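Working notes for the structure below.
Every number here is computed from the coordinates shown, using simple stated rules; none is lab data. Keep in mind it's a predicted model, so treat the numbers as computed, not measured. Methodologically, a virtual Cβ is constructed for each residue, glycine included, from the backbone with ideal geometry; neighbour enumeration extends over all protein chains shown.
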Amino acid sequence: MQLVGMFQYTRRNCHAAREVFDKLLAGLLEIGEGAPEAQKMALFEAAVIALNQLNAATKHSLIETGQREDLWKLFNEIAVTAGIDCSKYQYNDFTFQWREW
């Protein structure tokens, strides 16, 4: 069942978004906390690009202002847990360099 105005939040799209984060977390666990930051950032870049593609597939309706802010916070929380200092990036947002949402 879909709510009016929520057509983009299908089970398939939500599952695809979750898979992006599952893959990011699995990758970070695999390389470990002591991995070079560049290696960690490559995983984040791949996740952001995957979300860009998913958003484009929904005609840019999946990630709007509220979701963008929530995703930014989620990426930052994951990054801090992975040992990345987000404060050294403009606006504390390292995703800005790759994201289209």
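Here are the numbers for the structure shown:
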read-out: From the options Phe96, Phe44, residue that is surrounded by 16 or more Cβ atoms within 10 Å (Cβ to Cβ) and in contact with a Phe, Trp or Tyr (Cβ under 8 Å, 6 or more places away or on another chain); value: Phe44
read-out: Cross-chain or 6+ apart pairs with Cβ under 6 Å, segment 67-91 first and touching a residue at least 24 places away in the same chain (Cβ under 8 Å) and under 12 Å from Met41 (Cβ atoms), then part of a helix (DSSP H, G or I) and hydrophobic (A, V, I, L, M, F, W, C); value: Ala79/Cys86; Ala82/Leu28
read-out: Only listed residue being surrounded by 15 or more Cβ atoms within 10 Å (Cβ to Cβ) and of a type in the set (Ser, Thr, Tyr), chosen from Thr65, Thr10, Thr58, Thr81; value: Thr58
read-out: Residue match in segment 3-20 (condition: free of Cβ contacts under 8 Å to residues at least 12 places away in the same chain and closer than 15 Å to Phe94 by Cβ); value: no
